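Okay, so here's the structure we're looking at.
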Amino acid sequence: MPDAKVVLDRDDVRRTLVRIAHEIVEKTPEPELLALVGIHRRGAFLAARLKDQLDELLGADVPLGDIDIAFYRDDLRSRSGAPVVHASHVDFDVDGRTIVIVDDVLYTGRTVRAAIEALFDYGRPGRIQLAVLADRGHRELPFRPDYVGKNLPTSKQERVNVRVEELDGVDEVAITALEEAVA
Amino acid sequence: MRHLLSIADLTREDIERILDRATAFEQIADREVKKVPALRGRTVLNLFYEASTRTRSSFELAAKRLSADVVNFAASGSSVEKGESLKDTVLTLGAHSPDAIVIRSPHAGAAALVAGWTSAAVINAGDGKHEHPTQALLDVHTLRSKLGGIDGRSIWIVGDIAHSRVARSNILAFRAMGAHVTLVGPPTLMPRDIEALGCDVRYDLDDLRQADVVYALRVQRERMDGKELPSLREYAARYQINGRRLHPRQVLMHPGPVNRGVELSGEVVDSPQAVITMQVRAGVVVRMAVLYELLAGTRLDSPSRMREPQPA
């Protein structure tokens with residue numbers, strides 16, 4: 001990819017996830033109520049990796065789910081063509097749980113809004129937290145992440161690309177100018 | 001996709017995309033809130049000129065699960081009985097600015113006509129003896145869940161082919177998805193030149209064992225004039241799918257409602273080979289996927305406004 005500036009490489013991503021896992025443990029007084037929900041698609045893979053870390057740290061089997069927020073988007077009308085959707089899997093009871101929503105990049109906050117709305121259709125969580133690998137600013141809704149991998153001050157003309165091994169064959173976070181990202 | 005009028009308008013990729021989405025919708029039925037806001041604020045108009053419980057209620061449920069508003073308009077007890085034409089009805093109901101019109105009509109081609117009079121997306125829910133595309137999609141969906149796929153499978157459609165819009169849509173859909181289709185029925189209920197759709201034609205069930213899937217059609221007595229069949233008993237003797245004819249490895253389908261003791265014996269309806277209730281369940285998710293395909297991500301230029309009536 002031309003002019004891609006890698007800001008987190010493979011080792012950085014791994015270390016960041018380990019750190020976030022520790023922070024989650026630290027800030028969760030009742031680990032038995034903890035559950036992770038990843039947002040499709042890359043957030044779901046990151047959530048699965050956090051689960052492995054947390055299982056080890058807590059010696060428990062932390063419930064893991066993933067959700068697709070395509071049906072909850074607020075921009076369905078303005079996008080051309082119906083988006084690709086994936087099935088959601090939330091197989092545990094969310095009532096009263098502390099749910100950590102996991103996504104790759106936090107940007108406008110609209111995805112998080114949709115994810116929270118989706119979660120409430122499964123029940124009534126006790127607490128919802130947000131973990132992201134990169135926070136690039138430019139919020140349009142009042143959200144603040146509880147766990148951040150890296151703060152990336154970017155302009156709107158740039159694009160933050162998160163790639164994960166499971167999908168893209170490589171773990172990295174890179175910034176590209178929008179023209180290249182679109183091409 | 002703008003409308004869903006005929007399976008003939010769909011490619012294999014279109015069918016697969018719609019059915020993959022239907023699969024994604026399946027988990028919604030297991031949740032506490034069985035609804036997603038995907039089509040919030042959209043209006044779906046059910047316009048039914050023929051009796052239908054299953055199709056109409058399944059479209060209604062599908063639209064409601066997607067948070068769309070539904071208006072049901074049945075021909076009996078409405079202005080249609082007072083002599084209003086289809087066109088006038090569509091133009092009048094257009095004042096409600098529907099985003100989609102689901103139409104069932106006893107006349108072939110009605111859905112295509114309506115599509116020319118409105119800017120709403122039109123979904124054919126059965127037009128005369130022509131087509132019933134959502135039935136075919138839900139049948140393919142059921143078979144994909146049951147068998148994984150239907151490439152190279154042999155599907156026998158048995159019964160009253162001539163009066164069946166289900167048969168026509170299903171032949172097209174099964175062929176598009178790579179299956180071999182064989183039609184079986186009495187010569188009086190077999191349309192001429194139906195082989196042109198790329199299927200085999202037989203007049204007896206002697207080699208039924210070759211089929212992977214047996215798709216029995218309802219004997220539509222209401223569409224017959226008494227000359228097609230000597231008697232239901234004779235039909236049942238030659239063409240009924242019963243425990244003697246159906247093999248345990250075969251899958252049995254029927255679009256409903258079943259005439260027990262005519263096209264199917266009671267024992268096979270209740271047998272493990274029958275996937276008839278799976279078909280009904282698939283109806284809702286597949287119709288959700290169709291509504292979503294047509295209504296999500298439509299153009300910004302106010303898709304829901306009806307066009308001014310065109311001079312005829």
- Item | Single residue of the range A:126-143 satisfying the filter (touching a Pro at 6+ places or on another chain (Cβ under 7 Å), under 21 Å from A:V6 (Cβ atoms) and assigned to a strand (DSSP E or B)) that is nearest to the other protein chains (Cβ to nearest Cβ) | A:V132
- Using beta carbons and a limit of 7 Å, which pairs, at least six apart or on different chains, have the first residue in the range B:144-165 and farther than 22 Å from B:E131 by Cα and the second one acidic (D, E) and surrounded by fewer than 23 Cβ atoms within 10 Å (Cβ to Cβ)? B:R153/B:D212
- In the range B:183-216, how many residues are surrounded by fewer than 15 Cβ atoms within 10 Å (Cβ to Cβ), closer than 20 Å to B:N242 by Cα and charged (D, E, K, R)? 4
- Task: Quick one: in the range A:1-31, of everything that is under 12 Å from A:L54 (Cβ atoms) and among the β-branched types (V, I, T), which residue is modelled with the lowest pLDDT?
- Result: A:T28
- Message: What pairs come out if I take residues in the range B:191-216 that are within 17 Å of B:L147 (Cβ to Cβ) and pair them with residues that are small (G, A, S) whose C-beta lies under 6 Å away, six or more apart or interchain?
- Response: B:Q210/B:S154; B:A211/B:S154; B:D212/B:S154
- Restricted to the range A:85-105 and to residues being among the aliphatic types (A, V, I, L, M) and touching a residue at least 40 places away in the same chain (Cβ under 8 Å), the residue surrounded by the fewest Cβ atoms within 10 Å (Cβ to Cβ) is A:V105
- Only residues that are modelled with pLDDT under 90 and either in a loop (DSSP other than H, G, I, E, B) or within 13 Å of another protein chain (Cβ to nearest Cβ) (or both): list them for the range B:51-77, please. B:A51, B:S52, B:T53, B:A75, B:S76, B:G77
- When you look at A:G123, is it within 14 Å of chain B (Cβ to nearest Cβ), touching a residue at least 60 places away in the same chain (Cβ under 8 Å), surrounded by fewer than 20 Cβ atoms within 10 Å (Cβ to Cβ) and not in a strand (DSSP E or B), yes or no? no
- Item | Selected residue (criterion: modelled with the highest pLDDT) from residues of the range A:69-82 that are within 7 Å of chain B (Cβ to nearest Cβ) and within 29 Å of A:R49 (Cβ to Cβ) | A:Y72
- Message: Just to be sure I understand, how many residues within the range B:93-120 are touching a His at 6+ places or on another chain (Cβ under 7 Å) and either among the acidic types (D, E) or buried (at least 20 other Cβ atoms within 10 Å of the Cβ) (or both)?
- Response: 1
- Message: Only one of B:V90, B:V80 is surrounded by 19 or more Cβ atoms within 10 Å (Cβ to Cβ), more than 15 Å from the chain's Cα centre (by Cα) and not in a loop (DSSP other than H, G, I, E, B). Can you tell me which?
- Response: B:V90
- Note on the structure: Filter the range B:27-36 for residues that are touching a helix residue (DSSP H, G or I) at 6+ places or on another chain (Cβ under 8 Å) and surrounded by fewer than 18 Cβ atoms within 10 Å (Cβ to Cβ); the one that is nearest to the other protein chains (Cβ to nearest Cβ) is B:V33
- Just checking, how many residues over the range B:163-182 are crowded, with 23+ Cβ neighbours inside 10 Å and more than 25 Å from B:E13 (Cα to Cα)? 1
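The values are calculated or read from the model by the stated rules, or taken from the named source; none is laboratory data. On a predicted model such as this, the values are computed, not experimentally measured, just so you know. Counting neighbours? That spans all protein chains shown, and the Cβs are built from the backbone with ideal geometry, glycine included.
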